[in-house]
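**Student:** Quick one: this structure, given as structure tokens, is what I'll be asking you about.
The values are calculated or read from the model by the stated rules, or taken from the named source; none is laboratory data. Here the structure is a predicted model, which means the values were calculated and not measured. Here the Cβ positions follow ideal geometry from the backbone for every residue, glycine too, while neighbour counts run over all protein chains shown. Remember, those area values only see protein heavy atoms, side chains included, never the ligands or the DNA or RNA. Shrake-Rupley method; radii C 1.70, N 1.55, O 1.52, S 1.80 Å.
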Amino acid sequence: MAIGEIAVGLGIAFGAFTRLAALGGMVLSLSLWLTVSWGAEPWFTSADLVYLFAFTPLLLHGAGATPSLDAWFARAREQHPGTAEDRTRRVLVGGGLGLLGAVLLGAGALFRGDKRRGTVVQPSQPAPTPTANGPVLLKTSQVPVGGAATASADGETVWVLQLARGQFTAYDARCPHQGCAVQFRSAADGFACPCHQSAFDSAGNVTRGPATSGLTPVKVVSDGENVHLS
Ligand code: FES
């Protein structure tokens, strides 16, 4: 999915194989709409539906006369009508390099996600013994009792909660629906997502869709002075 999105983005941004990129974007948007955002409430907040139809002009008309690689290819065809084979070779080599670049970018994004997921709780793995040797997220005094504060873990925002004095829990701030940053409201009201109004209790469980799963827990431990990743 990541590789497809990057390829579509590059195609649209540079106007290369615009109709094909638009078709790819429509397929991606349609699949996201039918899966991830199908249950969005209200229904018109399902952004994928808008993206799906927003690609239509590009699918029907391509990049047109705008500055684009497609227009450049068309001009080259007109100016050098006898070099079709060279041109085809160049287009194939360029397309192949573009695809390779998209694959590398997508693989890099996936690898980064895997690396980050290494810091969160994996339910299928045995629970590690908490230690206070991990990186410090913040001082315990920065987290109000009965409240929460944000911290950064591997460049991603994490909510650290202290619902009872000295007992810390933490959750990835990214909404499991489409990745917006959730906001902590209170211990009683939990978290809310500003994008499509998903809600979660303060234990991270989903209480209102369109999200279908809870917030991702992040394992933390306190040494009394600091809260660490464990
Ligand atoms: S991103 Fe859609 S509800 Fe959070």
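**Student:** In this structure, is Pro81 in a loop (DSSP other than H, G, I, E, B), open to solvent by 70 Å² or more (accessible area, probe 1.4 Å) and at pLDDT 80 or above?
**Tutor:** On the way: in a loop (DSSP other than H, G, I, E, B): yes; open to solvent by 70 Å² or more (accessible area, probe 1.4 Å): yes; at pLDDT 80 or above: no.
No.
**Student:** Is it the case that segment 144-154 has a residue that's at pLDDT below 90 and touching a helix residue (DSSP H, G or I) at 6+ places or on another chain (Cβ under 6 Å)?
**Tutor:** Yes, segment 144-154 contains at least one residue that is at pLDDT below 90 and touching a helix residue (DSSP H, G or I) at 6+ places or on another chain (Cβ under 6 Å).
**Student:** Does at least one position in segment 22-32 carry a residue that is farther than 29 Å from Ala65 by Cβ and either out of contact with any strand residue (DSSP E or B) (no Cβ under 8 Å at 6 or more places or on another chain) or modelled with pLDDT under 90 (or both)?
**Tutor:** Going residue by residue through segment 22-32, those that are farther than 29 Å from Ala65 by Cβ are 31-32.
Those still in the list that are either out of contact with any strand residue (DSSP E or B) (no Cβ under 8 Å at 6 or more places or on another chain) or modelled with pLDDT under 90 (or both) too: 31-32.
Within segment 22-32 (the criterion being farther than 29 Å from Ala65 by Cβ and either out of contact with any strand residue (DSSP E or B) (no Cβ under 8 Å at 6 or more places or on another chain) or modelled with pLDDT under 90 (or both)), the answer is yes, since at least one residue qualifies.
**Student:** For the subset of segment 85-104 comprising residues that are of a type in the set (A, V, I, L, M, F, W, C), open to solvent by less than 100 Å² (accessible area, probe 1.4 Å) and touching a helix residue (DSSP H, G or I) at 6+ places or on another chain (Cβ under 8 Å), which member is modelled with the highest pLDDT? Spell out the reasoning first.
**Tutor:** Step one: of segment 85-104, the residues of a type in the set (A, V, I, L, M, F, W, C) are 91-93, 97, 99-100, 102-104.
Filter once more, keeping what is open to solvent by less than 100 Å² (accessible area, probe 1.4 Å): 91, 93, 100, 102-103.
After this cut, where a residue has to be touching a helix residue (DSSP H, G or I) at 6+ places or on another chain (Cβ under 8 Å) as well, the list is 91, 102-103.
On the way: Val91: 68, Ala102: 71, Val103: 75.
Checking each candidate, the answer is Val103.
**Student:** Also, quick follow-up: Is there any pair linking a residue in segment 16-37 that is within 14 Å of Gly95 (Cβ to Cβ) to one that is in a loop (DSSP other than H, G, I, E, B) and open to solvent by 10 Å² or more (accessible area, probe 1.4 Å), with Cβ under 7 Å and at least six apart or on different chains, and which?
**Tutor:** Pairs found: Thr18/Gly62; Thr18/Ala63; Thr18/Ser68; Arg19/Gly62.
**Student:** From the residues in segment 164-210 that are among the β-branched types (Val, Ile, Thr) and within 13 Å of the ligand (Cβ to nearest atom), which one is farthest from Thr35 (Cα to Cα)?
**Tutor:** Residues of segment 164-210 among the β-branched types (Val, Ile, Thr): 169, 182, 206-207.
Then keep just the ones that are within 13 Å of the ligand (Cβ to nearest atom); that gives 182, 206-207.
Numbers: Val182: 21, Val206: 17, Thr207: 19 Å.
Only one residue fits best here, namely Val182.
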